[in-house]
Amino acid sequence: MIRVMVVNDNDLLRYALRDSLYAEPDIEVVAECRDGQEAAEQIGGLAPDVVVTDLSMPRLDGVDLTRLIMQSRPATRVFVLTAAPHGRLAEDALAAGASAVLAKGTSLDDLVAAILTAPRRRRRRSRGALSRSAERP
């Protein structure tokens, strides 16, 4: 079972993602958080294998959250969702240690596949759909 934390300041998106992941038999959603600060406060006690986070959020964005996770829980995989997967902040998220930057238009099937293979993945960046990702060193 892969333990997942969902972080998104948009309630509708967070609930939809949470509910979709709950339906997956090999995924356990251990927390949902409204922003990076809330996630940072909870991550130590929850020990998720994967964090799926929005890039732009109030209080603590996806880049700074990724940095904190990599400092305290470097084995945790972070998938960053953004409307601009090729922008400067996406590059910053990868530099901070994100496993992948995914376009918000990435299909649920591709996101689930990424989560399920997270323990053996190298760092990647979405080029729209995860299946067309380019390998990152």
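Values quoted throughout were computed directly from the atomic coordinates according to the rules given, and no laboratory measurement underlies them. From a predicted model like this one, the values you see are computed outputs, not experimental measurements.
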Along principal axes, largest first, the alpha-carbon spread of the chain in whole Å comes out as 32, 31, 28
Is it possible to state the helix-based mean residue ellipticity at 222 nm for the chain, with each DSSP H run of 4+ residues giving -39500 (n - 2.57), the sum divided by total residues, to the nearest 500 deg cm²/dmol? What is it?
-11500 deg cm²/dmol
